[in-house]
2 protein chains.
Amino acid sequence: MFKAIITVKLRPSILDPEGKAIEHALQSLDYTALSCVRIGKRIELQVDLDDRAAAEAAVDEACRKLLANTVMEDYTFELQKA
Amino acid sequence: MFKAIITVKLRPSILDPEGKAIEHALQSLDYTALSCVRIGKRIELQVDLDDRAAAEAAVDEACRKLLANTVMEDYTFELQKA
């Protein structure tokens with residue numbers, strides 16, 4: 001059994017309007033030292049497989065098919081023994 | 001100058017409907033080994049301060065005031081020298 005922690009980020013070349021909105025809000029609140037905001041997703045899930053290679057394959061396939069839009073997003077993940 | 005990587009997660013006691021929807025989609029796609037999906041946010045931003053303590057204070061305050069809803073969410077962050 002593993003716990004998977006998946007990070008999905010917009011590719012660097014893709015504009016991030018949510019990040020821009022937050023950056024603008026930070027400037028309005030006088031946090032002028034904070035900039036270049038990029039928003040991604042962090043997905044945690046449980047993998048009910050005992051073999052690490054099988055667990056990696058399952059999570060990678062789920063990322064490609066459902067969790068990330070690979071045209072616009074990059075994903076990485078790590079597995080922790082649970 | 002630092003790069004801050006902020007993780008915002010729903011508190012464990014709070015229901016995560018987005019996670020439930022993804023879990024349901026995973027089951028429909030026959031990824032039966034994957035369960036207990038929880039969705040969080042991962043925010044990257046640049047901190048234009050040279051002092052680590054000042055940078056930590058600025059990011060922590062921004063998290064509390066803008067980036068996280070501390071009633072429902074927990075946040076953690078790390079600073080990387082950029």
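Projecting the Cα atoms of B:Met1, B:Met72, B:His24 onto the charge dipole of chain B, computed from C-beta unit charges around the Cα centre, puts B:His24 farthest toward the positive end. Distance in whole Å from the B-onto-A rotation axis to the closest C-beta of chain B, together with the residue it belongs to, please. Per the Cβ-to-axis criterion, the result reads B:Arg42, 2. Counting Cβ atoms of other protein chains within 10 Å of each residue's Cβ and taking the mean over peptide A:42-51 gives 6. For the listed residue pairs A:Lys3/B:Lys65; A:Lys3/B:Lys9; A:Lys20/B:Lys41, the alpha carbons are over 19 angstrom apart in A:Lys3/B:Lys65. Where only DSSP H runs of four or more residues are counted, chain B gives -8500 deg cm²/dmol as its mean residue ellipticity at 222 nm, each run worth -39500 (n - 2.57). Inter-copy label distances at B:Gln80, shortest first and taken from points set 7 Å along Cα to Cβ: 1.9 nm.
Label points for B:Leu15 are taken 7 Å from Cα along Cα→Cβ. From this copy to the others they lie 3.7 nm apart, shortest first. Counting from the shortest, the label point at B:Glu61, 7 Å from Cα toward Cβ, is 5.0 nm from the same position in each remaining copy. In the full protein context, chain B carries 55 Å² of accessible surface per residue, based on a 1.4 Å probe and ignoring ligands, DNA and RNA.
Peptide B:58-68 is shielded by partner chain Cβ atoms: per residue, an average of 3 of them sit within 10 Å of its Cβ. Share of carbon and sulfur in the accessible area of region B:2-81 stands at 53%, probe radius 1.4 Å.
Using Cβ point charges alone (K and R +1, D and E -1), the dipole size of the protein assembly as shown about the Cα centre works out to roughly 120 debye.
The local environment of B:Glu23, defined by Cβ-Cβ distances under 11 Å, has a net charge of 0 under the rule Lys, Arg +1 and Asp, Glu -1.
Taking both sides together, the accessible area buried where A meets B is about 2700 Å² for a 1.4 Å probe.
The dipole here belongs to chain B: it is taken about the Cα centre, uses +1 on the Cβ of Lys and Arg and -1 on the Cβ of Asp and Glu, and is about 140 debye.
The values are calculated or read from the model by the stated rules, or taken from the named source; none is laboratory data. Worth saying up front: this structure is predicted, and the values here are computed from it rather than measured. Here the Cβ is made from the backbone with ideal geometry for all residues, glycine too, and neighbour counts use every protein chain on show. Note: accessible area is taken over every heavy atom of the protein model, side chains too, but ligands, DNA and RNA are not part of it. Shrake-Rupley method; radii C 1.70, N 1.55, O 1.52, S 1.80 Å.
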